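K.L.:
Please read through the structure below; I'll follow up with questions.
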Amino acid sequence: MKSTAEIVIIGAGIMGCAIAHALAERGQTDVVVLEQDQIGRGATADAAGGIRQQFSTETNIRLATYSVRVWETYHERFGIDIGLRQQGYLFLLNDAREEPVFRRNLALQQSLGVPSRWVSAAEIAAINPTVVLDDVVGGTFCPEDGWCDTFGATVGFAQAARRLGVSIEEETPVTGIQVERDRVRAVETPHGTIATPLVIVCAGPHSRRVGALAGAELPVDPFRRMCFITEPFDLAPSTLPMTIEFASGLYFHPESRGFLFGMGDRTEGSSFTKTVDESWMLTTVEALVNRAPIFADANVMRGWAGFYEITPDDNPLLGHVDGPDGLAVAAGFSGHGFMQGPAIGACLAELILDGAASTVDITPFRPSRFAEGAPVAEHNVI
Ligand SMILES: Cc1cc2nc3c(=O)[nH]c(=O)nc-3n(C[C@H](O)[C@H](O)[C@H](O)COP(=O)(O)OP(=O)(O)OC[C@H]3O[C@@H](n4cnc5c(N)ncnc54)[C@H](O)[C@@H]3O)c2cc1C
């Protein structure tokens, strides 16, 4: 392992790998990524792979839109097939108070070039004939949205970064961050110490703990979320979009020869419990069958649990931290990070190399916003 680096990135999930790659592509190859486990095995591996542009803030829409263009061209750029399926995201609204909010957000998305649109119950029935519409007031649909393989996408960034000269050290936990005279000096691992003037925390749900190693408070907390996958199931068409019942957060989409589905238990507190709760699985199955009765005939093949990395306003912390000089962060994506990885890579590289991000203005997500009393609310959180 190298003993010095211009930049040390902590965490080799989608963020750490995308940022390392973007830095290297811009010519900064003196970068070491330290990963306590293996590349792409954290929250990124547990994600449902969803990619959407239907957000409520300009910053999130722009981050998503830039990223979609990268996902669409990923195979030719990185040589890895990430199985991108642009079958759309369909939001179902069963609370009439959501209609004006979603229509406002649609107008914002459309003004930024997103082909999302309002859909009536009749149009929803044509897009997804499996769903019960008795209580549905309408919805929104964006045909460019979809999903892909999160692990392959992360490995693609990691391999490309390595080819450009970046070192990625797996099985190498960061156990300490040395700070002298209010400046970051080095990171400590069981395999040695790396002297560096700049550390970027990309530790996903673990970012609060990692920030604390340098005396910084990063308000990112882990919340368990579970996903389930059915056995091969051909009674529902494999061409269905990602379908989301916005009020409950229930979602499902075709995956392999079956369907992937999930729903967050919003009453559960923060923890690092990573087991599947069978009673929540039954609650989720019941919600799925209520919304799409055809799934009463499907069998659950397996389930898993992972962590959302939630901040107080459901938006990430991006940029230099209020703390020692030389500490930056890209974490706290609150359950919608994977899809934004390409844009976050570009923006963080610009922030570090140019002093400000130009791909997307990410200053609304500066880590100091909470202390300044300037949180940014994201409405479309699943
Ligand atoms: C069930 C579920 C479904 C989701 N669905 C979606 C979705 O459909 N679409 C979407 O965009 N997002 C989704 N997400 C969210 C998405 O997974 C995250 O926002 C994203 O993967 C975060 O990436 P990351 O690189 O910040 O974190 P991670 O992937 O967790 O990477 C952080 C890495 O840091 C490492 N690390 C931590 N501490 C240390 C240390 N001390 N030293 C060294 N390494 C360390 C970890 O091992 C880990 O590999 C979902 C999440 C879950 C749990």
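The values are calculated or read from the model by the stated rules, or taken from the named source; none is laboratory data. Source: prediction; values computed, not measured. Here Cβ is always computed from backbone atoms with ideal geometry, including for glycine, and neighbour counts include all displayed protein chains. All accessible areas refer to the heavy atoms of the entire protein, side chains included, with ligands and DNA or RNA removed. Shrake-Rupley method; radii C 1.70, N 1.55, O 1.52, S 1.80 Å.
K.L.:
Connecting C-alpha atoms closer than 10 Å in a GNM of the chain, tell me which of 218, 353, 84 has the biggest fluctuation.
P.N.:
For the chain, modelled as a Gaussian network with Cα springs under 10 Å, the answer is 353.
K.L.:
Express the carbon and sulfur contribution to the solvent-accessible surface of the stretch 105-189 as a percent, rounded to the nearest whole number, probe 1.4 angstrom.
P.N.:
Roughly 50 percent, rounded to a whole number.
K.L.:
One-quarter of the Cα convex hull surface for the stretch 200-314, in nm²?
P.N.:
Spelled out: convex hull of the Cα atoms, projected over all directions, averaged, 8.4 nm².
K.L.:
While we're here: Just 60, 299, 128 to compare: in a GNM of the chain, with alpha carbon springs under 10 Å, which one fluctuates most?
P.N.:
It is 299.
K.L.:
Counting only heavy atoms of the protein chains, get the accessible area per residue of the chain (1.4 Å probe) and round it to a whole Å² value.
P.N.:
Heavy-atom accessible area per residue stands at 39 Å².
K.L.:
How much of the pair distance distribution for the chain lies past 30 Å, counting alpha-carbon pairs only, in percent?
P.N.:
I get 37 percent for the Cα pairs in the chain exceeding 30 Å.
K.L.:
Using just the helices of the chain, give the 222 nm mean residue ellipticity in deg cm²/dmol: DSSP H runs with n ≥ 4 each add -39,500 (n - 2.57), and the total is spread over all residues, rounded to 500.
P.N.:
-8000 deg cm²/dmol
K.L.:
Springs between alpha-carbon atoms under 10 Å, Gaussian network over the chain: tell me which of 279, 271, 67 tops the mean-square fluctuations.
P.N.:
279
K.L.:
For the Cα atoms of the chain, what angle does the longest principal axis make with the long axis of helix 98-111, in degrees from 0 to 90, nearest 10?
P.N.:
60 degrees
K.L.:
Are there trypsin sites (Lys or Arg not before Pro) in the stretch 1-100 that DSSP puts in a loop and that have at most 11 other Cβ atoms within 10 Å, and which ones?
P.N.:
Passing both the DSSP loop test and the Cβ count: 97.
K.L.:
Just need the relative contact order of the chain here, percent rounded to a whole number, with Cα pairs under 8 Å and 6+ apart.
P.N.:
Relative contact order, the chain: 23 percent.
K.L.:
Using a 1.4 angstrom probe on the protein heavy atoms only, could you order 233, 151 from most to least accessible area?
P.N.:
Most to least solvent-accessible, the answer reads 151, 233.
K.L.:
Now a separate question. Whenever you get a sec, compute what percent of the accessible area on the stretch 213-353 sits on carbon and sulfur atoms (1.4 Å probe).
P.N.:
Using a 1.4 Å probe with all protein chains present, the stretch 213-353 comes out at 50 percent carbon and sulfur.
K.L.:
How big is the antiparallel share of DSSP beta bridges in the chain, given as a percent to the nearest 5?
P.N.:
70 percent
K.L.:
Something else: Whole Å is fine, so just give me how far the alpha carbon centre of the stretch 320-382 lies from that of the stretch 43-61.
P.N.:
14 Å
K.L.:
Report relative contact order for the stretch 41-124 in percent, whole number only (criteria: Cα-Cα under 8 Å, sequence separation at least 6).
P.N.:
The value is 34 percent.
K.L.:
Further question on the same structure: Would you mind checking the tilt of helix 150-163 against the longest principal axis of the Cα atoms of the chain, expressed as 0 to 90 degrees and rounded to 10?
P.N.:
Compared with the principal axis, the helix lies near 30 degrees.
K.L.:
Could I ask something else about it? Any idea how far the Cα center of the stretch 80-128 sits from the one of the stretch 280-302, in Å?
P.N.:
23 Å
K.L.:
Write down Rg/Rh for the stretch 1-133, rounded to two decimals, with Rg from the C-alpha atoms and Rh from the Kirkwood relation over Cα pairs.
P.N.:
1.07
K.L.:
Continuing with the same structure: Taking R0 as 30 Å, what's the FRET efficiency between residue 110 and residue 325 from their Cβ-Cβ distance, rounded to 0.05?
P.N.:
Once rounded, the FRET efficiency stands at 0.10.
K.L.:
Please label the shape of the stretch 312-382 as rounded, prolate or oblate, based on the square roots a ≥ b ≥ c of the eigenvalues of the alpha-carbon gyration tensor (a/c under 1.5 means rounded; beyond that, a/b larger than b/c means prolate, else oblate).
P.N.:
oblate
K.L.:
Okay, next question. Let me know the whole percent of all Cα-Cα pairs from the stretch 52-122 that are separated by more than 13 Å.
P.N.:
69 percent
K.L.:
Rolling a 1.4 angstrom probe over the protein chains, ignoring ligands and nucleic acids, what is the accessible area of residue 372 in square angstrom, nearest 10?
P.N.:
About 100 Å², rounded to the nearest 10.
K.L.:
Relative to the longest principal Cα axis of the chain, at what angle does helix 341-354 sit, 0 to 90 degrees, rounded to 10?
P.N.:
The answer is roughly 30 degrees.
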